[in-house]
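Read through the structure below, which is laid out as structure tokens, and then see the notes.
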Amino acid sequence: MRSFKLLLAGAALVLSLGTAQASEAPEFPRQHWSHDGFFGTFDRAALQRGYQVYKEVCSACHSMKQMRFRNLAGIGLDEAQIKALAAEFETTDGPNDDGEMFQRPSRPSDRFRSPFSNDNAARAANGGALPPDLSLIAKNRKGGQDYVYALLTGYADAPQGVTVPEGMHFNKVFPGHLIAMNQPIQPDAVTYADGTKASVEQMAKDVTTFLAFTASPHLEARNSLGVKVMLFLFVLTGLLYAAKRKIWKGLH
Amino acid sequence: MAKYDYVPSPFMSNPIVKWVDHRLPIFEMVDQQLIKYPAPRNLNYWWNFGSLAGVMLVVMILSGIFLAMNYQPNTLAAFDSVERIMRDVNYGWLLRYMHMNGASMFFVVVYIHIARGMYYGSYKAPREILWWLGLLIFLAMMATAFMGYVLPWGQMSFWGATVITNLFSALPLVGKSIVTWLWGGFSVDNPTLNRFFALHYLLPFVIAGLVMLHLWALHVHGSNNPLGIDAKGPQDKIPFHPYYTVKDAFGLSVFLIVYAYFVFFNPYVLGDADNWIPANPMVTPPHIVPEWYFLPFYAILRAVPDKLGGVLLMFGAIAILFVLPWLDTSRVRSGRFRPAFRVFFWVFIVVTITLGWCGAQLPEGIPLILGQVCTVLYFAHFLVFLPLLGWFERPRPLPASIAEPVLTPAAK
Ligand code: HEM
């Protein structure tokens, strides 16, 4: 009975923590993601399409400083593909023997190239607003990946009575609803190599999957090790419980 | 040294053991304090949380040392160095999530451990110093966790550090100077991060030392027990090994399942999303909240409209625990025999959890008022209810010995 009460108290604690989060009510639905859950794995095809969207659309404004080309092994590219892909971009290297910085094709160990050389340049090109680095965006916003998806698909006409200032755009889920980024994903913004129809929802879903990957590239390793650890612990707990019962039996 | 009828374990007659012990009686100590150590026979599962806390301290120190090998305490490099640990160091994500969620688990365990002590009156004579040492460990843990949270240099690291260190500016006259001294400058910056890292590395070892003293004090009179009565003789006690080693091991295994769940399947849920954004002194997050384990105290801080008053009350909320052995005027230890105390105890638990909830909300409207009511109730528990209960409550009769109700179930 007593233990039961403490359990209740514990449950109350968990609940109160839960409601503490829920009270900042996300006004957007949860999506189904193949990488959610105990056995979740990333959808490789979606990751590759998502990378294409990032590369062809978002990378015009957003950096992704935590990512190196070699990390693209995680979206299913092989070494040769990564090498070829990296070489499409230039990286500043140097200084050379003459003391000059120079441009050379990127290698797999280089970071993704940022579109602007610094934050001020980024602001200047975007009407004063700073496009945030996207490496961790899927976990540094409340609501995570569901929020990012909802944001990308959440552009709409402003309701009556809301005036949208010059350079701003109405978005259903952005805090305050006025965002400096114009709807980044327009229908058929990219042409998918695998023939998937590039609808706004499809591209949003794909790029968000890619952003979930860049935020947690270790997710699959984490899940698969986690399942093994859990199985081990369940067996161990069972054995220890039996041992405890056996040893204590003589006492009572 | 041993105060009980000590019968050495068989391994004690091994010649090598004898040779060593003649020079340094370390095996004898292990045998007396760990293996043959007599513990009350009726300890329930709430007594597991002490050893769990010890395990968590070891886990934190080990994971922390390996993190420190790859971490860079510099404002320009800290955030990226932690990301590098997560992305490029072999099993770095595992180390980091063990450490990050380990801090939460450590606090869960210690809070339950403290609540156990409060319910069963473990702070009462002759265990007051044991209780104090526990509270010192708790304080050192809070300092360690606070400084550790600054290290990854995310938005909450920076702003949390700014808000909490700024509290000291409320002190009259010296306040401002103390804050500058804490920061090593005029804002939270590189010197702050450096010293926090140094102290974050140091304090866990101070905690380890305090734990030794805690155990020393514990082993003078032995564990309290759910009945709260002293052991009357050998029939009331059983050797620690194998009875409590196996019971603790089982409890540990169950606990590890919970811990592993967070580490592997939900590593972000206990933290704040904002801390994955690199610190930026120019952008204040809309809602600065500390980690969940500080929330009840944060709520008390904000319940008082006056800054100095809030700070004093917040520290008072912990300081008051030091005099708890004298505020509780009842001679009966265990809540099991104190019908009225039991009600107040659970009210206190609910009050504390409610404070935690209030701490996570913006300090306005209902959460603010609720926080103020609960702050009053929190202090009333110690200053009004407990002292009076000892006078007005009629405790139920205590059993004659520990062995009696255990061996004759009818008496339960
Ligand atoms: C009482 C034991 C300890 C507690 C409660 C504790 C708590 C914490 C916390 C809350 C964080 C922030 C985690 C995050 O949000 O990322 C942290 C980070 C860190 N701690 Fe500890 N810690 C302890 C022991 C240690 C020890 C002994 C070391 C080193 C020898 C250490 C090294 C580090 C390092 C390098 C970081 C930064 C990396 C990171 O943020 O993950 N910790 N600690």
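The values are calculated or read from the model by the stated rules, or taken from the named source; none is laboratory data. Bear in mind the structure is a predicted one, so any value in this text is a computation, not a measurement. Neighbour counts are summed over all protein chains in view; Cβ atoms, including those assigned to glycine, are modelled from backbone coordinates with ideal geometry. Ligands, DNA and RNA are excluded from the accessible area calculation, which covers all protein heavy atoms including side chains. Shrake-Rupley method; radii C 1.70, N 1.55, O 1.52, S 1.80 Å.
Checked against the criterion of being of a type in the set (A, V, I, L, M, F, W, C) and under 30 Å from B:Pro399 (Cβ atoms), the stretch B:197-216 has at least one qualifying residue. Candidates in the stretch B:55-82 are the residues that are open to solvent by 50 Å² or more (accessible area, probe 1.4 Å) and over 27 Å from B:Ser253 (Cα atoms); of these, the one that is farthest from the ligand (Cβ to nearest atom) is B:Leu76. Count of the stretch A:112-132 residues, restricted to those that are among the acidic types (Asp, Glu) and loosely packed, with under 11 Cβ neighbours inside 10 Å, is 0. The stretch B:220-336 holds helices (runs of 4 or more DSSP H) entirely within its bounds, and those carrying 2 or more residues that are within 10 Å of chain A (Cβ to nearest Cβ) and more than 16 Å from the ligand (Cβ to nearest atom) map to B:240-260. Note on the stretch B:99-121: residues that are away from every other protein chain (no Cβ under 11 Å) and either near the ligand (Cβ under 10 Å from one of its atoms) or of a type in the set (Val, Ile, Thr) (or both) amount to 11. Report yes if some residue within the stretch B:301-319 is touching a Phe, Trp or Tyr at 6+ places or on another chain (Cβ under 6 Å) and closer than 30 Å to B:Lys237 by Cβ; otherwise report no. Checked against the condition, which is being touching a Phe, Trp or Tyr at 6+ places or on another chain (Cβ under 6 Å) and closer than 30 Å to B:Lys237 by Cβ, the stretch B:301-319 yields no hits at all. Of the residues contained in the stretch B:389-412, none is found to be loosely packed, with under 15 Cβ neighbours inside 10 Å, among the hydrophobic types (A, V, I, L, M, F, W, C) and within 30 Å of B:Leu301 (Cα to Cα).
For the stretch A:138-165, which positions are acidic (Asp, Glu) and part of a helix (DSSP H, G or I)?
Within the stretch A:138-165, A:Asp146 is the sole residue that qualifies.
For the residues B:Pro325, B:Pro363, the requirement of being touching a residue at least 24 places away in the same chain (Cβ under 8 Å), touching a helix residue (DSSP H, G or I) at 6+ places or on another chain (Cβ under 6 Å) and open to solvent by less than 20 Å² (accessible area, probe 1.4 Å) singles out B:Pro325. The condition of being within 14 Å of chain A (Cβ to nearest Cβ), within 15 Å of the ligand (Cβ to nearest atom) and part of a helix (DSSP H, G or I) does not hold for B:Met147. Being more than 30 Å from B:Phe345 (Cα to Cα), away from the ligand (no atom under 16 Å from the Cβ) and in contact with a helix residue (DSSP H, G or I) (Cβ under 7 Å, 6 or more places away or on another chain): is that true of B:Gly160 here? The answer is no for B:Gly160.
Does B:Val163 satisfy the criteria of being assigned to a helix (DSSP H, G or I) and touching a residue at least 12 places away in the same chain (Cβ under 8 Å)? In short, yes. Note on the stretch B:24-46: residues that are over 25 Å from the mean Cα position of the chain (by Cα) and either in a loop (DSSP other than H, G, I, E, B) or closer than 20 Å to B:Ala115 by Cα (or both) total 4.
Taking the stretch B:26-54 as the range and being more than 14 Å from chain A (Cβ to nearest Cβ) and open to solvent by 50 Å² or more (accessible area, probe 1.4 Å) as the test, the residues that pass are B:Ile26, B:Phe27, B:Glu28, B:Met29, B:Val30, B:Leu34, B:Lys36. Scanning the stretch A:148-173 for residues that are among the β-branched types (Val, Ile, Thr) and in contact with a helix residue (DSSP H, G or I) (Cβ under 8 Å, 6 or more places away or on another chain) turns up A:Val148, A:Thr153, A:Val173. Here's a check for you: in the stretch B:168-218, which residue that is within 16 Å of the ligand (Cβ to nearest atom) and among the β-branched types (Val, Ile, Thr) is nearest to the other protein chains (Cβ to nearest Cβ)? That would be B:Val188.
Could you please give the count of residues in the stretch B:246-270 that are of a type in the set (Ser, Thr, Tyr) and either touching a residue at least 24 places away in the same chain (Cβ under 8 Å) or surrounded by fewer than 17 Cβ atoms within 10 Å (Cβ to Cβ) (or both)?
Going through the stretch B:246-270, the residues of a type in the set (Ser, Thr, Tyr) turn out to be B:253, B:259, B:261, B:268.
Filter again for either touching a residue at least 24 places away in the same chain (Cβ under 8 Å) or surrounded by fewer than 17 Cβ atoms within 10 Å (Cβ to Cβ) (or both), leaving B:259.
So the answer is 1.
The residues of the stretch A:204-228 that are open to solvent by 40 Å² or more (accessible area, probe 1.4 Å) and of a type outside the set (Ser, Thr, Tyr), listed by number, are A:Lys205, A:Pro217, A:Glu220, A:Ala221, A:Leu225, A:Lys228. Is it true that B:Ile300 is under 28 Å from B:Gly54 (Cα atoms), of a type in the set (Val, Ile, Thr) and either surrounded by fewer than 21 Cβ atoms within 10 Å (Cβ to Cβ) or in contact (Cβ under 8 Å) with a residue 40 or more places away in the chain (or both)? In short, no.
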